[in-house]
Every structure is written in structure tokens, then in C-alpha cells.
Amino acid sequence: MQPSKADDVRGTVLDPLTLTAEQNDRLHGLKCARCGTVGRLRLAGYAYTTSGNGGRLGWPLRLCPECPGTGA
């Protein structure tokens, strides 16, 4: 099965109340933030979710070696 890029968590500020299980795994670094694969992940910047007071919370992301570190 090909991983889905539809849940790429890098392109927008996410609402934590509407996260899918896939997006949650990507935010927690369990899967590649871009394509969703697991294994050999490297640090690759941050994604953001909204907070209750209108601020943003940063999440350190991981990417697989095949996904570029730029562009969302």
C-alpha cells in the first residue's frame, strides 16, 4: 500500500480537535510527516496546532530519507 500524502502535517496550522489518527502519528514523530512511512526518520522542522487561547503549539517533525525537507 502506498503511503498517503493527504495527511501531510507540514502545510497548515492544524486544529487539534479535528486531527485524524494518521495526522496524530505524524505530529508525534511516529511516521514521516510528509508520506507516512515509518523507519529511518530524521528531524525535519516543525508543524503547528492551534491552542485554546489563539496561539500555536510547535511539534518537532520527522521525515524519511526519500522525502525532501522543503515544500509542503
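Scanning the stretch 47-66 for residues that are under 12 Å from the mean Cα position of the chain (by Cα) and under 15 Å from Asp15 (Cα atoms) returns Ala47, Tyr48, Thr49, Gly58, Trp59. Scanning the stretch 26-54 for residues that are out of contact with any strand residue (DSSP E or B) (no Cβ under 7 Å at 6 or more places or on another chain) and either exposed (fewer than 12 other Cβ atoms within 10 Å of the Cβ) or of a type in the set (S, T, N, Q) (or both) yields Thr37, Gly39, Arg40, Gly52, Asn53, Gly54.
Return a yes/no flag: does the stretch 14-33 have any residue that is among the polar types (S, T, N, Q), within 23 Å of Pro65 (Cβ to Cβ) and touching a Pro at 6+ places or on another chain (Cβ under 7 Å). So far as the stretch 14-33 goes, no, none of its residues is among the polar types (S, T, N, Q), within 23 Å of Pro65 (Cβ to Cβ) and touching a Pro at 6+ places or on another chain (Cβ under 7 Å). Taking the stretch 18-40 as the range and being of a type outside the set (A, V, I, L, M), part of a loop (DSSP other than H, G, I, E, B) and at negative phi as the test, the residues that pass are Thr20, His28, Lys31, Cys32, Arg34, Cys35, Thr37. Filtered by the rule that a residue be of a type in the set (A, V, I, L, M, F, W, C) and touching a residue at least 12 places away in the same chain (Cβ under 8 Å), the stretch 12-37 gives Val13, Leu14, Leu19, Leu27, Cys32, Ala33, Cys35. When the stretch 52-72 is filtered for residues that are at pLDDT 85 or above and under 19 Å from Asp25 (Cα atoms), the ones remaining, listed by number, are Arg56, Leu57, Gly58, Trp59, Pro60, Leu61, Arg62, Leu63, Cys64, Pro65, Glu66, Cys67.
The values are calculated or read from the model by the stated rules, or taken from the named source; none is laboratory data. Since the structure is predicted, the reported quantities are computational estimates derived from the model, not experimental observations. Cβ coordinates were reconstructed from backbone atoms using ideal geometry, including for glycine residues, and neighbour counts include every protein chain displayed.
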